[in-house]
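Only one structure is covered here, and it is reproduced in the block below.
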Amino acid sequence: MEFSSKLLENAVYEMSKLPGIGKRTALRLVLHLLKQPGEQTNSLSEALQKLRGEIKFCNNCHNISDVEECEICANPKRDGRLVCVVEDIRDVMAIENTGQYKGLYHVLGGKISPMEGVGPQDLTISSLVKKAKEGEIQEFIFALSSTMEGDTTNFYIYKQLEGLDIKTSTIARGVSVGDDLEYTDEVTLGRSILNRIPFEGSLRVS
C-alpha cells in the first residue's frame, strides 16, 4: 500500500495494530478522522490518553475501574459470598447485562494457554486462592469460555481450592462449546448462571 504522506502511513500503521483492524480498514478510519472537526479528534486522543494514564484495577476483583474499588465490589447489596470467575471485563459486562447475577466477580485477566506462553503465574489466580482462604466466600462460579484453555484454567483453580470448604460450580452448557460469553445472548447466559452445575459433575460428564 503506497502512501502520499508519512504522517498518514504512520497513523494507519498504528491503527492497524488493533485487533480485527487490517490496513484497509485502518486507512478508512484514519481518513474518517481527518474529515472530522479538530475538536473531535482531540477529544478522542485525550480520552485514550486519560484511559491509559488514569485507569485502575479494582483491588478486590481486578475489574477495570476509575477508583481503587469498583462499583460492583463497593455495592453493599451484592452478595460477597458468591464469586463469579471470569476471563476479562467483557465477561463481567455480559453477565451484568443479564440482570440475573447479584454476587461479586474475580477477573483472571486471561486463561492458561501454554501455546501462547500464558501460565498460572500470569493470571490473578494467587489472589483468588488467597481470597478463598479468608473464609467469607461460599461458592465460586467458573464462567470461562468452553474451550480447552478455559477448561484447563477451571481445573487448575479447582485443584488449588481442594481442602477448602467452598462450593465450586460452572455455568450450564446453554453456552455452546467454544463460545465467548460476550457473544452469548443475555437470556441464554442468564439461564446458564441460574442453572449452574457442580464443577465435579462437569468433570464426570466430560
inquiry  = Residues that are of a type in the set (A, V, I, L, M, F, W, C), touching a Gly at 6+ places or on another chain (Cβ under 6 Å) and modelled with pLDDT of 90 or more: does the range 106-125 have at least one?
reply    = yes
inquiry  = Suppose we keep only residues that are touching a helix residue (DSSP H, G or I) at 6+ places or on another chain (Cβ under 6 Å) and of a type in the set (A, V, I, L, M) within the range 30-45. Which one would you say is surrounded by the fewest Cβ atoms within 10 Å (Cβ to Cβ)?
reply    = L33
request  = With the condition kept exactly as written, say whether any residue in the range 109-121 is closer than 27 Å to K77 by Cβ and surrounded by 15 or more Cβ atoms within 10 Å (Cβ to Cβ).
outcome  = yes
request  = Test E54 against the criterion of being surrounded by fewer than 10 Cβ atoms within 10 Å (Cβ to Cβ) and in contact (Cβ under 8 Å) with a residue 12 or more places away in the chain, and give yes or no.
outcome  = yes
ask   = Of all residues in the range 86-104, which are exposed (fewer than 15 other Cβ atoms within 10 Å of the Cβ), charged (D, E, K, R) and touching a residue at least 40 places away in the same chain (Cβ under 8 Å)?
value = R90
ask   = If T98 satisfies every condition in (1) modelled with pLDDT under 95; (2) under 27 Å from G135 (Cα atoms) but one, which is the exception?
value = (2)
message = What are the pairs with Cβ atoms under 6 angstrom where one residue, in the range 133-150, is assigned to a loop (DSSP other than H, G, I, E, B) and the other, located anywhere, is of a type in the set (A, V, I, L, M) and modelled with pLDDT under 90? Sequence gap at least six, or different chains.
response = A143/I171; S146/V177
remark   = The helices (runs of 4 or more DSSP H) lying wholly within the range 1-113 that contain at least 3 residues that are under 30 Å from S127 (Cβ atoms) are 38-54, 71-74, 89-98
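The values are calculated or read from the model by the stated rules, or taken from the named source; none is laboratory data. Quick caveat, the model's predicted, so the values are computed rather than measured. Glycine also receives a Cβ, built like all others from the backbone with ideal geometry; neighbour counts cover every protein chain displayed.
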